[in-house]
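Peer 1: There's a structure below that I have some questions on.
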Amino acid sequence: MNISSVIVHARPGSAEAVKALLNGMDGIEVHGVSPEGKLIVTIETDDDQGTTGAFERISMAEGVLSAAMVFHQVESDPEMDISVEAGRQVAP
């Protein structure tokens, strides 16, 4: 799973509309909006391609002046990290 944080700057007077638009997108959540129109946003996707696509949708959204990714982390899927070897579970 990819987890990213993005700072979005909305056009003046558009912050609430941008917030509603972004919250309606899969894997994207707005956590806060400043009086100046800056939004704190997270993206959660399954892979890098999904993260790139979500970031592009944010950047191109109506009312968005700019978007800057400030954090990105890849979390492994614990189910994928465990292999069964000789009848017992072994972490790689």
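The values are calculated or read from the model by the stated rules, or taken from the named source; none is laboratory data. Everything numeric in this text was worked out from a predicted model, so none of it was measured. Backbone-built Cβ (ideal geometry, glycine too); neighbour counts: all protein chains shown.
Peer 1: If I ask for residues that are among the aliphatic types (A, V, I, L, M) and touching a helix residue (DSSP H, G or I) at 6+ places or on another chain (Cβ under 6 Å), which ones from segment 42-63 would you list?
Peer 2: If the condition is that a residue be among the aliphatic types (A, V, I, L, M) and touching a helix residue (DSSP H, G or I) at 6+ places or on another chain (Cβ under 6 Å), then I43, A61 are the ones that fit.
Peer 1: Tally up the residues in segment 27-52 that are of a type in the set (D, E, K, R) and at pLDDT 95 or above, please.
Peer 2: Count: 4.
Peer 1: Could you please give the count of residues in segment 3-35 that are surrounded by 12 or more Cβ atoms within 10 Å (Cβ to Cβ) and over 25 Å from Q49 (Cα atoms)?
Peer 2: Count: 7.
Peer 1: Quick one: in segment 53-92, which of the residues that are at pLDDT 95 or above and within 12 Å of I3 (Cα to Cα) is surrounded by the most Cβ atoms within 10 Å (Cβ to Cβ)?
Peer 2: A54
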